[in-house]
Amino acid sequence: MNSHLPTSAIFLFCIAVAAVLVYVPFLLVGYGRVQAGYDMAAPRAMFDKLPPYAQRAAWAHQNSFENFTIFAPAALMAYVTGVDSTLAVGAAIAFVVVRLFYSIFYIANIPLARSLMFAIGSLCSGILFITSILQATSYQ
């Protein structure tokens, strides 16, 4: 039995994992809301009452949504165009890993590391777009 995962499956798997990672920081937002005395009548109004780590977790959650909207189409393009490149697979996997660390560094208030993870994640999405376009326009 071949245990090698096809490239196309890796792209789809990374999209699914990235979607889940969007919500990981929100778990800490929920915990912070409990600590601050969650107000069911005005959940958005209590943001200023959240502990600083929970505020940063909320920002990491929002940024994860924003980055997912770039990554998902890039990975889908790679899937649809049949990209079969180690570079593209590495970029998809790296995106998932650096986005996890992005949230960790954001919540831990380590801005330089957070910014580096953001830049690497953006580069990974760019690589997926470029390899997909090259694949779609190649005439072999």
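Quick check on the stretch 59-74. Is at least one of its residues within 19 Å of Phe118 (Cβ to Cβ), of a type in the set (D, E, K, R), out of contact with any helix residue (DSSP H, G or I) (no Cβ under 9 Å at 6 or more places or on another chain) and free of Cβ contacts under 8 Å to residues at least 12 places away in the same chain? Looking through the stretch 59-74, at least one residue is within 19 Å of Phe118 (Cβ to Cβ), of a type in the set (D, E, K, R), out of contact with any helix residue (DSSP H, G or I) (no Cβ under 9 Å at 6 or more places or on another chain) and free of Cβ contacts under 8 Å to residues at least 12 places away in the same chain. Confirm whether Ala54 is free of Cβ contacts under 8 Å to residues at least 12 places away in the same chain and of a type in the set (A, V, I, L, M). Against the criterion (free of Cβ contacts under 8 Å to residues at least 12 places away in the same chain and of a type in the set (A, V, I, L, M)), Ala54 does not qualify. Among the helices (runs of 4 or more DSSP H) confined to the stretch 24-140, the ones with at least 3 residues that are of a type in the set (Phe, Trp, Tyr) and more than 11 Å from the chain's Cα centre (by Cα) are located at 52-81. Against the list (1) surrounded by fewer than 13 Cβ atoms within 10 Å (Cβ to Cβ); (2) closer than 28 Å to Ile10 by Cα; (3) of a type outside the set (Phe, Trp, Tyr), the condition Leu123 fails is (1). Does the stretch 77-86 contain any residue that is small (Gly, Ala, Ser), more than 30 Å from Leu134 (Cα to Cα) and either crowded, with 19+ Cβ neighbours inside 10 Å or modelled with pLDDT under 95 (or both)? Among the residues of the stretch 77-86, not one is small (Gly, Ala, Ser), more than 30 Å from Leu134 (Cα to Cα) and either crowded, with 19+ Cβ neighbours inside 10 Å or modelled with pLDDT under 95 (or both), which makes the answer no.
Put simply, of Val22, Val97, Val89, Val17 the only residue that is at pLDDT 95 or above, in contact with a Phe, Trp or Tyr (Cβ under 9 Å, 6 or more places away or on another chain), closer than 30 Å to Ser138 by Cβ and of a type in the set (Val, Ile, Thr) is Val89. Residues that are surrounded by fewer than 20 Cβ atoms within 10 Å (Cβ to Cβ) and either at pLDDT below 95 or of a type in the set (A, V, I, L, M) (or both) within the stretch 60-76 comprise Ile70, Ala72, Leu76, listed in sequence order. Of all the listed residues (Ala36, Ala42), the sole one being more than 30 Å from Thr86 (Cβ to Cβ), touching a helix residue (DSSP H, G or I) at 6+ places or on another chain (Cβ under 7 Å), of a type in the set (Gly, Ala, Ser) and at pLDDT below 90 is Ala36.
The values are calculated or read from the model by the stated rules, or taken from the named source; none is laboratory data. Since we're looking at a predicted model, the values are computed, not measured. Using ideal geometry, Cβ is built from the backbone for each residue, glycine included, and neighbour counts are taken over all protein chains shown.
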